[in-house]
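S.K.: Attaching a single structure in structure tokens format; questions to follow.
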Amino acid sequence: MRVNSIGLDAGQSKQLGEQLNILLANFQVYYMNLRGIHWNIKGKRFFDLHAKFEELYDDANLKVDMVAERVLTLGEVPLHTFEDYIKVSKVPQGKNISQDEKAIRLIVDSLKELLRIEREILHASDEAKDEGTNSMMSDFITQQEKTVWMMKAWLAEEI
């Protein structure tokens, strides 16, 4: 087994870097969705939602940086073009969404996809004994599950 400079199996680290790049691409699309709904939201809930969407895109922006830096830590190169993001992203793309319920559904649908990817990475990072990636995914999952619960509550829907 070849070990990298942080003591992890180099092959497993490469695979984790590839998975994290997929997560990075999806986070970038999610981030742009949040910017779009922040800018375009209309209606009686404008002030509350405008502020909430800003909070969410600030958080997503931080996570984008964390994921990219983890890719680098594992010895890989983070994706960094919109062309690459669109090729691998599964997060739905929102365009011209100004209605509150559609915006919240876009967030829920996006987070469901991010959670799916993060759970795959969590499993792989556990197998690789990569506590750094494992801890990051665990934290992301916990935060995003809570956000999904809150968004579903706003929609008056069951989890």
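S.K.: Among the listed pairs 14/112; 14/152; 42/90; 63/129, give every one whose C-alpha distance is greater than 29 Å.
M.R.: Beyond 29 Å: 14/152.
S.K.: Arrange 80, 50 by Cβ neighbour counts within 10 Å, fewest through most, would you?
M.R.: Starting with the residue having the fewest Cβ neighbours, the order is 80, 50.
S.K.: Neighbour counts of other C-beta atoms within 10 Å: give me 13, 5 arranged from fewest to most.
M.R.: Placing the least packed residue first, the sequence is 5, 13.
S.K.: Which order do 1, 136, 32 fall in if you start with the one that has the fewest other Cβ atoms within 10 Å?
M.R.: The fewest-first ordering by Cβ neighbours comes to 1, 32, 136.
S.K.: Whole Å is fine, so just give me how far the alpha carbon centre of segment 100-159 lies from that of segment 1-17.
M.R.: Taking the Cα centre of each part, segment 100-159 and segment 1-17 sit 26 Å apart.
S.K.: Taking only the alpha-carbon atoms of the chain, what semi-axes of the equivalent ellipsoid follow from 5 times the gyration tensor eigenvalues under a square root, in whole Å, largest first?
M.R.: Semi-axes (√(5λ), whole Å): 32, 16, 12.
S.K.: If contacts are Cα pairs under 8 angstrom and at least 6 residues apart, what is the relative contact order of the chain in percent?
M.R.: Relative CO of the chain lands at 28 percent.
S.K.: If you don't mind, another one. If you count, for each residue, the other Cβ atoms within 10 Å and average over each peptide, how do 21-27, 91-97 line up from highest to lowest?
M.R.: Sorting 21-27, 91-97 by mean packing, highest first, produces 21-27, 91-97.
S.K.: Leaving out same-chain residues fewer than 8 places away, which lysines sit with a Cα under 18 Å from that of residue 44?
M.R.: Here the lysines satisfying the reach criterion relative to residue 44 are 52, 102.
Quick note: the coordinates plus some simple rules give every number you see, no bench work behind them. In this text the structure is predicted, and so the values were computed from the model without any measurement. In this analysis, Cβ positions are derived from the backbone assuming ideal geometry, glycine residues included, and neighbour counts consider all displayed protein chains.
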